[in-house]
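Undergrad: Once you've had a glance at the structure underneath, I'll fire off some questions.
What follows draws every value from the coordinates through simple rules; no lab data is involved. In this text, all values refer to a predicted model and were calculated from it rather than measured experimentally. Because the Cβ atoms are built from the backbone with ideal geometry, glycine has one as well, and the counts that use them run over all protein chains shown.
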Amino acid sequence: MIVVIGSGPAGIYGAFTASALGEKVKLIEEKERLGGTCVLYGCIPSKAMLHPLYLKYSLERLGRKIDFSYEELMKLAQDAISRISKGVEYMLESYGVEVIHGRGILKSKEVEVSGQTLYPEKVLVATGTLKPEINGTIASDDLPYLNREFNSVTVIGGGVGGIEYGWLLHKIGKEVHIVEKENLLLPKHDMDLRNYVTNHFKRIGVKLHLGVEAKIENNKVKLSNGEEITSDIILMSFGRKPNLTGVESLPHDYWIKVNEYMETPVKDIYAAGDVTGSFTAHEAIHKGYIAGINMKGIKRPYDSSAVPKVIYTSPQIAYVGNTNSGRCMKMEFSGLARAIAEKETEGFLKICVEDERIIGGVAFSERAEEIISFLALGIKFKGSLDELLDFQYPHPSYLEMIWEILRKIKWG
């Protein structure tokens, strides 16, 4: 028997995989609803809320106007949460996974939950992360359930979360301030991307406070330059912590330690997902899948060499690999036929090549998610420059920008 603690993406895909390979699986979930942070608070509700705003943004460029209330967005988010959470329940049932509600407590290799003790052969810990709890602030987890009137928001942090949720709140018509201690948004990211996104956010009317640190006092944000921001809501966009409740005994520095097979230093105990220090649901899904395979005794390492990352603004932001070395070329979408036809000409794609293979790419554009995912496939399966140039990209499409850049890198 295998016990999985946590029903987020890592936990459910670990459970699916182990069950499909013939293992008896019990899954423990403390909350009433299944799905973890992704389904209940994060990636699913945020995309339900963002989708109407993409339509709004596109129609504005075509000279039309459409508006949505925050209440409408929350209704869409909560409908998506309910449907997908229920879907997780049905899928676990179809795989024969028994769900036990309660807090799982790991003691050696035994697991205590709801007054019973389980004696599994192997355990997968997939407990995820906890939102930041700072007086006077909310976290992104709270946005799909925020039943209060507000007109202005101060977002602390201009990283991935700050950018995505700042854009969402701005497009719904709220006054948005973003405070970032560095001089550009998206710290630690590609410099071309940082410059482009910072200028874009200024242009669309988001109020940026860059190169300053923030202190929260009496529900106000005081900046290190002496300024003070007053807003209805303060949103902390970073500071999530690993949820070690009940599994504190596992070796961890900050995150639970695992090797490439998702094994912790404790024999027969595995861990996957955000509690191991990854921050996207697709990484969690794949780590759970890899853990499920390895718990069955099939040795397969987790490969993080080509994981596409996406920030769901409009234009989208996506990136993969290394864009700080090699031969790099950047092209803007203002000259691409499909972008011109659809009035989606803002943004750029940058690709870097080394030894005739792609090593990284970054896009700020319409369909950036698909473009960067295609590049990630090229990196993952080590496609050569010639092989990628031989692929016939559909015309007119946004994917053609890949071919145009690779052609210029190859032939000048």
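Undergrad: Report the chymotrypsin sites (Phe, Trp or Tyr not before Pro) located in region 366-408 that are in a DSSP loop and have at most 15 other Cβ atoms inside 10 Å of their Cβ, or state none. Present the calculation step by step, with values, prior to reporting the outcome.
TA: Values: sites: F374, F381, F391, Y398, W403; in loops: F381, F391, Y398.
Answer by residue number: F381, F391.
Undergrad: Go ahead and set up a Gaussian network model of the chain, Cα springs under 10 Å, then flag whichever of G63, G277, G157 fluctuates most.
TA: Looking only at G63, G277, G157, the biggest GNM fluctuation is shown by G63.
Undergrad: Looking at region 152-238, which trypsin sites (Lys or Arg not before Pro) are in a loop (DSSP not H, G, I, E or B) and have at most 10 other Cβ atoms within 10 Å?
TA: Working: sites: K171, K174, K181, K188, R194, K202, R203, K207, K215, K220, K222; in loops: K174, K181, K188.
Within region 152-238, the qualifying trypsin sites (Lys or Arg not before Pro) (loop, at most 10 other Cβ atoms within 10 Å) are K188.
Undergrad: Would you please classify the overall shape of region 126-191 from the alpha carbon gyration tensor, given that a ≥ b ≥ c denote the square roots of the eigenvalues, rounded means a/c under 1.5, and beyond that prolate means a/b larger than b/c while oblate covers the rest?
TA: Verdict is oblate for region 126-191.
Undergrad: Need one word for region 59-192: rounded, prolate or oblate. Basis is the Cα gyration tensor (sqrt eigenvalues a ≥ b ≥ c); a/c below 1.5 gives rounded, then a/b vs b/c decides.
TA: On the way: a/c = 2.47, a/b = 1.76, b/c = 1.41.
Cα axes put region 59-192 in the prolate bin.
Undergrad: Here's something else I'd like to know. Using the Cα gyration tensor of region 263-412, with a ≥ b ≥ c the square roots of its eigenvalues, what is the shape: rounded (a/c below 1.5), prolate (a/b larger than b/c) or oblate (neither)?
TA: Values: a/c = 2.70, a/b = 1.90, b/c = 1.42.
Cα axes put region 263-412 in the prolate bin.
Undergrad: Would you grab the residues whose amide H sits under 5 Å from the one on V353? Only those 5+ places off in sequence or on another chain, please, with H modelled 1.01 Å from N.
TA: R327, C328, I359
Undergrad: Now a separate question. Using the beta-carbon distance between S114 and T230 and R0 = 51 Å, what value does 1/(1 + (r/R0)^6) give for FRET efficiency, to the nearest 0.05?
TA: It comes out at approximately 0.65.
Undergrad: Here's another thing I want to ask about it. Calculate the dipole size of region 173-234 relative to its Cα centre from +1 charges on Lys and Arg beta carbons and -1 charges on Asp and Glu beta carbons; express the result in debye to the nearest 20.
TA: Roughly 80 debye for region 173-234.
Undergrad: Can you compute 3J(HN,Hα) from phi for each residue in region 407-412, using the Karplus curve 6.51 cos²θ - 1.76 cosθ + 1.60 with θ = phi - 60°, rounded to whole Hz and x for Gly and Pro?
TA: Karplus-based 3J(HN,Hα) across region 407-412 equals 4, 5, 4, 6, 10, x Hz.
Undergrad: Now a separate question. Short version: ³J(HN,Hα) in whole Hz for each residue of region 177-194, in order, from phi by Karplus 6.51 cos²θ - 1.76 cosθ + 1.60 (θ = phi - 60°), x for Gly and Pro, what are they?
TA: Along region 177-194, the couplings run 10, 10, 10, 9, 6, 8, 7, 9, 5, 6, x, 6, 9, 4, 5, 4, 5, 4 Hz.
Undergrad: Kindly provide the chymotrypsin sites (Phe, Trp or Tyr not before Pro) of region 117-176 that DSSP labels as loop, not H, G, I, E or B, and whose Cβ sees at most 16 other Cβ atoms within 10 Å.
TA: Working: sites: Y145, F150, Y165, W167; in loops: F150.
Answer by residue number: F150.
Undergrad: Starting from 0.36 nm per residue, how many nanometres of slack lie between E217 and D386 once their C-alpha separation is accounted for?
TA: 55.0 nm is the gain from fully extending E217 to D386.
Undergrad: Write down the percent of antiparallel bridges among all DSSP beta bridges whose residues are both part of the chain, to the nearest 5.
TA: Values: 39 of 69 bridges.
Roughly 55 percent of the DSSP beta bridges within the chain come out antiparallel.
Undergrad: Lysines near K350 by alpha-carbon distance under 21 Å, same-chain residues fewer than 8 away left out - which ones?
TA: By straight Cα distance, K350 reaches K188, K309, K330, K380, K382, K408, K410.
Undergrad: Here is a further query. Convert each backbone phi in region 347-361 into a coupling constant with the Karplus relation 6.51 cos²θ - 1.76 cosθ + 1.60 (shift: θ = phi - 60°), then list the ³J(HN,Hα) values in order as whole Hz, x for Gly and Pro.
TA: x, 8, 10, 10, 10, 10, 10, 9, 6, 6, 9, 5, 10, x, x
Undergrad: What lysines could a cross-link reach from K56, if we take a straight Cα to Cα line under 18 Å and drop same-chain neighbours fewer than 8 places away?
TA: K47, K65, K75, K171, K174, K343
Undergrad: Moving on. Give the relative contact order (percent, whole number) for region 18-160; include only Cα pairs under 8 Å separated by 6+ residues. List each step's numbers first, then the result.
TA: On the way: 139 pairs, mean separation 43.6, N = 143.
In percent, rounded to a whole number, it is 31.
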